[in-house]
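In what follows, a single structure is set out as structure tokens and then discussed.
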Amino acid sequence: MNKSFLTLVITITFFSLVPALYAQQPPFYSDIQAFKKKDAEKFPARNQILFVGSSSFTKWTDVQDYFPAYPIINRGFGGSQLTDVIRYAGQVIYPYHAKQIVIYCGENDLAASDTVSAATVVARFKTLFGMIRGNLDDVPVLFVSLKPSPSREKLMAKMQAANTAIKRFLAKDRHAAFANVYDKMLLPDGKPRPDIFLSDNLHMNAKGYAIWQKVLQPLLLK
């Protein structure tokens, strides 16, 4: 077998395997690798406030400007569900030794399938909370309530049920708190405020994040 033919066979074999290799990567693998690269360049100092969860945090790119007195690490990765945060807890939570962990996640869980109930979201959150307690002792945890979005109005009843159950669960832990942004984002008739969302009716604009700032700031640790 001549060299040129062998090289051709190796090249064809390699490129035929590339799609399979990518297919085997778990969801959000590239997001996690981007976090690792950022950490390798400059690892965050300890005792900062860690924001972790889905796209409402991912898109809050100027979150530090909203809380200038509170050093923040933002590890939100868009589209994630609680199952994803659980999967990557060893990469996006444990290493930072945060003074407080702020979580926004669960909304995408409900949106992913009609079979996902409020109880499912609560159970997943309890799993994540137990993992945090098991690895980081009594680090304070702040859960941000699921938000009411115009594009997900049909899920609001499930969101309210999940919020109520998670709030009740966290009330039993003196190192945990619940931030109710849900009620602040509603019109008097109980529908989501359309003026605080982007054109996709899912993600917030600056007015929406200003609401979150007012709710969260009193609950953040200095």
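You will find that of ALA118, ALA123, the residue that is at pLDDT 95 or above and out of contact with any helix residue (DSSP H, G or I) (no Cβ under 8 Å at 6 or more places or on another chain) is ALA123 and no other.
What residue, among those in the range 141-171 that are among the small types (Gly, Ala, Ser) and not in a loop (DSSP other than H, G, I, E, B), is surrounded by the most Cβ atoms within 10 Å (Cβ to Cβ)? Here the answer is ALA162. Number of residues in the range 86-113 that are part of a helix (DSSP H, G or I) and touching a residue at least 12 places away in the same chain (Cβ under 8 Å): the value is 14. Look at (1) aliphatic (A, V, I, L, M); (2) surrounded by 10 or more Cβ atoms within 10 Å (Cβ to Cβ); (3) part of a helix (DSSP H, G or I); (4) modelled with pLDDT of 95 or more and you find that LEU50 fails only one, number (3).
The values are calculated or read from the model by the stated rules, or taken from the named source; none is laboratory data. For clarity, every value in this text was computed on a predicted model and none was experimentally measured. Please note: Cβ atoms are built from the backbone with ideal geometry, for glycine as well, and neighbour counts cover all protein chains shown.
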